[in-house]
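The values are calculated or read from the model by the stated rules, or taken from the named source; none is laboratory data. Everything numeric here is computed off the predicted structure, so don't read it as measured data. Glycine also receives a Cβ, built like all others from the backbone with ideal geometry; neighbour counts cover every protein chain displayed. The area values use the complete protein model at the heavy-atom level, side chains included, leaving out ligands, DNA and RNA. Shrake-Rupley method; radii C 1.70, N 1.55, O 1.52, S 1.80 Å.
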Amino acid sequence: GGDHVRVQVAGTRGQAEEWRFEVTGTEPGTYDLVVTAPGYVRRTVPGVTVAATDVEVPPIALSRGTRVHGRVRLPEGEPHRDRTLLLMPDDGDPARGAATTTLSSTGRYDVSGLVPGRYRVLATGSGFTHPPIASLLRAGDALVTLSDGVDDVEVDLDLVFATMIRLDVRDPRVPPPAWMGRRATDAQTAF
């Protein structure tokens, strides 16, 4: 166990809510099946045993989760165009997932598929632009908190310029970050 098979299901809202998928080239063994689809809550099906023959997985139901929408106010002179808004779990738990959307030209956003918890807000450039688009955070790095039982939340966001430092550690003895969805080996945990 411990290995993951990731399945990204693509579709458009309004289409039939049923998709089929096929994973090929997987060695026999036991896997956790991770299913994601835009606007739906990520779902992990643990312990799927893959043999040398075809494996039929029972239907996997995905839920819409919480919808978060509103308007984004940017620092003066910053355009909404070519900007992606990201809501990511503050604890890095991959089971909670993250949501991304492109801002409209008027600064509106609308995402779904989130679960209760606290989320950090980050706005970055969409793709490569010249000059690069500055990264922005919610003022005061305030978190967006989603409560149990709430399925629709309107949140207006005031964003400010962010300074980001990125550090990549490529030492195989270090456990992988939680957001990668990979489990640490026993040796990595002991390290």
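Quick notes on this one:
- Per the Cα gyration tensor, the stretch 34-191 maps to an equivalent ellipsoid with semi-axes of 31, 22, 15 Å, ordered largest to smallest.
- Solvent exposure of the stretch 32-191 as accessible area per residue, Å², 1.4 Å probe: 61
- Carbon/sulfur fraction of accessible area - the stretch 18-84, other protein chains in place, 1.4 Å, %: 50
- Sites residue 158 and residue 63, calculated FRET efficiency, Cβ-Cβ separation with R0 25 Å, nearest 0.05: 0.25
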